[in-house]
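Take a look at the structure below.
The values are calculated or read from the model by the stated rules, or taken from the named source; none is laboratory data. Since we're looking at a predicted model, the values are computed, not measured. Quick reminder, even Gly has a Cβ in these numbers, built from the backbone with ideal geometry, and neighbours come from all protein chains shown. Please note that ligands, DNA and RNA were not included when accessible areas were found on the heavy atoms of the full protein model with its side chains. Shrake-Rupley method; radii C 1.70, N 1.55, O 1.52, S 1.80 Å.
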Amino acid sequence: MNLGYTRPVWIDYLCIVAGTCLMGISLQSIYDPTGMVVGGFTGIAILVRQLTLEQVPGGIPLWLTNMVLNIPVFIWGYCVKGAQFIRRTVFATVLLSVWLAVLPQWDIAQGDYTLAAIYGGAINGAGIGLVFIAHATTGGSDMVATLLQHFWRRFSVIQIMMFVDGIIVLCGMVFFGVQMGLYAVLAIFITSEISDALMEGLKYSKAVFIITGDAGEVAQRIMQQMERGVTGIHAQGMFSGAERQMLYCVVSKKEIVELKDIVLGIDRKAFVIVTDAREVLGEGFLEY
């Protein structure tokens with residue numbers, strides 16, 4: 001029995017390949033040349049490479065440190081969560097290490113820390129978003145946080161991950177300066193926003209609640225003139241005790257002005273609430 005929508009597995013793995021490639025570019029050609037430590041095991045890898053430049057020609061490679069740090073975490077994850085939990089994560093982590101090994105190092109930002117934070121955060125965020133869409137991670141601090149939360153139930157995964165990444169960023173500040181750490185925080189923020197936008201949808205719409213005494217006429221005009229569906233919700237004013245229909249409608253951003261004109265043209269005293277709808281799936285909007 002089909003319990004829901006599932007996309008082909010090859011699309012997930014294609015997302016992992018593309019996502020880890022973008023992450024590799026941001027790490028190899030933006031963060032590493034500028035010495036920007038943005039948390040995670042890759043942040044530790046950048047730190048290790050910079051600190052071993054004198055002992056090892058070119059420093060210890062990012063891919064090697066990333067792989068060595070993740071191996072014990074995978075073993076731990078297998079013991080705690082089982083093979084199903086780490087299958088795609090192992091693939092994504094190995095692939096990220098491969099990208100770090102084969103991608104050439106270009107100093108894309110050319111020493112401009114603002115550009116490094118903005119473009120590094122955007123490219124890394126797009127990569128992480130694609131990997132998350134495929135129901136995988138690249139190991140590192142997010143996987144450590146997930147495993148620690150198994151024992152520390154009072155803390156959320158996000159809280160633990162922020163704590164772990166915070167320690168890594170602070171270590172970066174110690175070795176590369178406070179200014180570099182502040183740029184790293186900016187990069188982390190941009191990464192989070194971009195990855196969230198990819199997972200939650202890039203096509204924003206507007207959800208509208210309308211409280212009016214002319215609900216029938218307003219609904220008819222919206223449906224006929226704008227060809228948008230309207231849902232009537234039974235509502236009661238707790239102060240007045242009056243019962244009426246509250247209308248609910250979702251429209252695109254460019255249609256919101258027309259909708260408000262329709263409502264106010266019928267009832268100047270209507271109460272209209274407009275909110276953002278991050279993603280809308282279905283007829284008239286995005287297809288599944």
Can you report the number of residues in region 173-195 which are polar (S, T, N, Q) and farther than 21 Å from residue 279 by Cβ?
1
Filter result (among the hydroxyl-bearing types (Ser, Thr, Tyr) and crowded, with 19+ Cβ neighbours inside 10 Å) within region 33-52
34, 42
Right, residue 143: hydrophobic (A, V, I, L, M, F, W, C) and within 18 Å of residue 28 (Cα to Cα) or not?
no
Which of the residues belonging to region 88-138 are in a helix (DSSP H, G or I), β-branched (Val, Ile, Thr) and surrounded by fewer than 20 Cβ atoms within 10 Å (Cβ to Cβ)?
90, 94, 98, 102, 114, 118, 133
Taking the conditions exactly as written (over 22 Å from the mean Cα position of the chain (by Cα) and either farther than 28 Å from residue 7 by Cβ or at pLDDT below 80 (or both)), does residue 155 satisfy them or not?
no
If a residue has to be surrounded by 14 or more Cβ atoms within 10 Å (Cβ to Cβ) and of a type in the set (S, T, N, Q) to count, how many in region 76-87 make the cut?
0
What pairs come out if I take residues in region 115-127 that are free of Cβ contacts under 8 Å to residues at least 60 places away in the same chain and pair them with residues that are of a type outside the set (Phe, Trp, Tyr) whose C-beta lies under 6 Å away, six or more apart or interchain?
115/109
Checking residue 72 against (1) touching a Phe, Trp or Tyr at 6+ places or on another chain (Cβ under 7 Å); (2) assigned to a helix (DSSP H, G or I), which single condition isn't satisfied?
(1)
Would you call residue 55 over 23 Å from residue 199 (Cβ atoms), polar (S, T, N, Q) and modelled with pLDDT under 85?
yes
Which residue out of 248, 183 is crowded, with 18+ Cβ neighbours inside 10 Å and out of contact with any Leu (no Cβ under 8 Å at 6 or more places or on another chain)?
183
May I ask you to list the residues in region 53-75 that are open to solvent by 80 Å² or more (accessible area, probe 1.4 Å) and among the aromatic types (Phe, Trp, Tyr)?
63
So which residues in region 158-175 are modelled with pLDDT of 80 or more and either over 24 Å from the mean Cα position of the chain (by Cα) or open to solvent by 60 Å² or more (accessible area, probe 1.4 Å) (or both)?
163, 167, 170, 171, 173, 174, 175
Any idea how many residues of region 196-227 are surrounded by 15 or more Cβ atoms within 10 Å (Cβ to Cβ), closer than 16 Å to residue 275 by Cβ and not polar (S, T, N, Q)?
7
